[in-house]
Amino acid sequence: GRIFAFIGLERTLQAAIAAFDITDPANTSFVGLLVSNGDRAPEGLKGYVLDGQYYLAFSNEGSSTTSVFWLAPVPEPGSLALAGLALAGLLGGRLRRARKSA
């Protein structure tokens, strides 16, 4: 029941993606930051659901890799409501694509 925006920070030293809760655009809040060690310059971001689980996939221009994070719903502090997609993706799996040789 929540809406999140994920913003790739392309100019960081390692891949970083900022997550915002935009359910109420007048009261947008920063949720957290996904940091993907070994990746650089996240560009194309795509969220999807597979078998009832939420994922965020993104390509990395600087490192020629593709990463996938699992996003888990967690309760909001002091409430039983779901916060929606949280940054549990740090524990998720990551897929890497080999660099293409020129």
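In this structure, the amide hydrogen of Gly32, modeled 1.01 Å from its nitrogen in the peptide plane, lies closer than 5 angstrom to those of Ala19, counting only residues at least 5 positions away or on a different chain.
Across the range 25-35, rounded Karplus estimates of 3J(HN,Hα) from the backbone phi angles (6.51 cos²θ - 1.76 cosθ + 1.60, θ = phi - 60°) give x, 6, 10, 5, 9, 6, 9, x, 10, 8, 10 Hz, Gly and Pro being marked x. Between Ala72 and Ala86, Ala88, Gly89, the built amide H atoms are under 5 Å apart, and every one of these is 5 or more places off in sequence or on another chain. Put simply, when 48-55, 11-18 are sorted by average Cβ atoms within 10 angstrom per residue, most first, you get 11-18, 48-55.
Read-outs throughout are calculated quantities, based only on the coordinates presented, and are distinct from any laboratory measurement. Here the structure is a predicted model, which is why all the values come from computation and not from measurement. Note: ideal-geometry Cβ built from the backbone for every residue, glycine included; neighbour counts use all protein chains shown.
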